[in-house]
Amino acid sequence: MPNSRRPVLKTSVAWLKAYRSPPWLLINHEPDDLKHFPGQTFRDPDAMGRWIKHQNQDEKNIYVSVNPAVRDMAKKPKKAEILHAEYLHVDLDNSKTLKLNGVPPPTFVNDSGNGLHLFWKLRKPSTDFKLVEATNRALAEALGATPETANVDRVLRVPWTRNFPNAKKKREGKVECECKAIEHNNYRYDLEGDFGSLIKRPESAKHKSSA
């Protein structure tokens, strides 16, 4: 895919605008609170930028819902609250080196501070969550990542925000760092056409797409 590389996006808002059209569902999370994942839905990029800055200054981790919710929300969505899957994703923890191993190159690559977050933009959003999650798991296994983060209701860090480790991660040697956007490409993919060879299609999965 020649001439696919685009300039690296240098602000959180610029990255989010490139990632998807509004609304954007963001989560602000206290590092050691494992029960509550509050958030906010934005349509105004300027208001979103101010909120991100304020929450991060209060040492809260900022995440974006990988896929859009069915309605405006003020919390992390559950799977039943996801509208459709716009992206495939992999959380490649504890690795700063990406070896594709025959996997199609991602649309976005972010350095979370402790690993890589990878996103593949789908040409058509999919409501076949079983197939999407099976593909996420296959991508994770091919890249040496954990398949446990394959859920379509996943949230991942917003680039150009601070990564504040919780107490457990601090004991493991993790320190505060910055999540960075490191690659942005024009790639768009067909869920089955481009990734079908990676997985054995779930028997119960019946592919559905929305334009």
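Data table
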| item | result |
| --- | --- |
| Pairs where the first residue, in segment 150-176, is at positive phi and the second is of a type in the set (Ser, Thr, Tyr), C-beta under 7 Å, 6+ apart | 160/11; 160/12 |
| Scope segment 133-184; condition among the polar types (S, T, N, Q) and over 17 Å from the mean Cα position of the chain (by Cα); matching residues | 166 |
| Meets criteria (buried (at least 20 other Cβ atoms within 10 Å of the Cβ), of a type in the set (D, E, K, R) and in contact with a His (Cβ under 9 Å, 6 or more places away or on another chain)) for residue 60 | yes |
| Top-ranked residue in segment 87-130 [being within 18 Å of residue 68 (Cβ to Cβ) and among the aliphatic types (A, V, I, L, M); ranked as nearest to the chain's Cα centre (by Cα)] | 88 |
| Residue selected from segment 145-195 under the condition out of contact with any Lys or Arg (no Cβ under 7 Å at 6 or more places or on another chain) and among the small types (Gly, Ala, Ser), by the criterion modelled with the lowest pLDDT | 173 |
| Complete set of residues in segment 161-181 that are in contact with a strand residue (DSSP E or B) (Cβ under 8 Å, 6 or more places away or on another chain) and either buried (at least 21 other Cβ atoms within 10 Å of the Cβ) or not in a loop (DSSP other than H, G, I, E, B) (or both) | 161, 162, 163, 164, 177, 178, 179, 180, 181 |
| In segment 33-57, residue surrounded by the most Cβ atoms within 10 Å (Cβ to Cβ) [restricted to those that are among the acidic types (Asp, Glu) and at pLDDT 95 or above] | 44 |
| Where a residue in segment 65-77 is in contact (Cβ under 8 Å) with a residue 12 or more places away in the chain and more than 14 Å from residue 89 (Cβ to Cβ) and its partner, wherever it lies, is assigned to a loop (DSSP other than H, G, I, E, B) and not β-branched (Val, Ile, Thr), with Cβ under 7 Å and at least six apart | 69/77; 69/83; 70/83; 72/23; 75/37; 76/37; 77/153 |
| Residue satisfying all of: in segment 1-32; among the β-branched types (Val, Ile, Thr) and buried (at least 18 other Cβ atoms within 10 Å of the Cβ); farthest from the chain's Cα centre (by Cα) among these | 13 |
| Residue match in segment 17-39 (condition: polar (S, T, N, Q), touching a helix residue (DSSP H, G or I) at 6+ places or on another chain (Cβ under 9 Å) and part of a helix (DSSP H, G or I)) | no |
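The values are calculated or read from the model by the stated rules, or taken from the named source; none is laboratory data. As the structure is a computational prediction, the values presented were derived from the model and not from experiment. Every residue, glycine among them, receives a Cβ derived from its backbone with ideal geometry; neighbour counts consider all protein chains shown.
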